[in-house]
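Report on the following structure.
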Amino acid sequence: MARLEQQLTEMFTSTVEDLGFELVGVEFVRAGKHSTLRVYIDHAEGISVDHCAEVSHQISAIMDVEDPISTEYFLEVSSPGTDRRLFKAAHYLESVGEKAAIKLNTPQQGRRNFTGEIKALEGDMVVVEVDGVEHQLLLTNIEKANIIPNLEF
């Protein structure tokens, strides 16, 4: 996780939890005047538009006071969705048996992209099976990982 995203996560966590939600993760996508700050929240009973608006209002207030981002940006608050991004070690553990697309910061075994089933979390390593071969990926080397939803009914 980037330093800014880690800082924002720390700033938002207690407020989001005080509202009764889990802060799943934060991502900041830089695109000049069209940058986006995305905040993902979750709740056992699901997330509504009203929940997102409530959290957005509180996060906006924090951002106005703390002002950690000097450029213009759009704030988006949403549920993680079916293709949820994995931010924390606990997310990988909860996703054992799920298929995921994982992109690394630094290539491992000559590749940066791994798409396969998450088999385990062993210490600071995510074990993912790709085409019948297990790979151990260092958590701190993972740039981005998303669940690939199973849309079969």
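The values are calculated or read from the model by the stated rules, or taken from the named source; none is laboratory data. Owing to the predicted nature of the structure, the values given are computational and were not obtained by experimental measurement. Cβ atoms come from the backbone with ideal geometry, glycine included; neighbour counts cover every protein chain shown.
Scanning the stretch 72-92 for residues that are surrounded by fewer than 12 Cβ atoms within 10 Å (Cβ to Cβ), of a type outside the set (S, T, N, Q) and assigned to a loop (DSSP other than H, G, I, E, B) returns GLU72, ASP83. Taking residues in the stretch 37-52 that are within 17 Å of TYR73 (Cβ to Cβ), and partners anywhere that are of a type in the set (Lys, Arg), the pairs with Cβ atoms closer than 8 Å and at least 6 places apart or on different chains are TYR40/ARG84; TYR40/ARG85.
Restrict the check to the stretch 4-25 and report whether at least one residue is at pLDDT below 95, under 23 Å from HIS91 (Cβ atoms) and part of a loop (DSSP other than H, G, I, E, B). For the stretch 4-25, residues at pLDDT below 95, under 23 Å from HIS91 (Cβ atoms) and part of a loop (DSSP other than H, G, I, E, B): absent. All conditions but one from (1) surrounded by fewer than 16 Cβ atoms within 10 Å (Cβ to Cβ); (2) touching a residue at least 40 places away in the same chain (Cβ under 8 Å); (3) not assigned by TED's automatic domain parsing to the domain that holds GLN136 apply to PHE12; the one that does not is (1). The set of residues in the stretch 109-143 being among the acidic types (Asp, Glu) and in a strand (DSSP E or B) consists of GLU117, GLU122, GLU129, GLU134, GLU143.
A quick yes/no check of all residues on (1) loosely packed, with under 14 Cβ neighbours inside 10 Å; (2) outside the structural domain of VAL26 (by TED's automatic domain parsing); (3) modelled with pLDDT of 95 or more:
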| residue | (1), (2), (3) |
| --- | --- |
| GLN58 | no, no, yes |
| SER70 | yes, no, no |
| VAL96 | yes, yes, yes |
| ILE118 | no, yes, yes |
| MET125 | no, yes, yes |
| HIS135 | no, yes, yes |
| ILE142 | no, yes, yes |
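With respect to being of a type in the set (Val, Ile, Thr) and either in a loop (DSSP other than H, G, I, E, B) or within 27 Å of VAL49 (Cα to Cα) (or both), THR106 falls outside the description. When the stretch 40-53 is limited to residues that are part of a helix (DSSP H, G or I) and surrounded by 17 or more Cβ atoms within 10 Å (Cβ to Cβ), the one that is farthest from the chain's Cα centre (by Cα) turns out to be HIS51.
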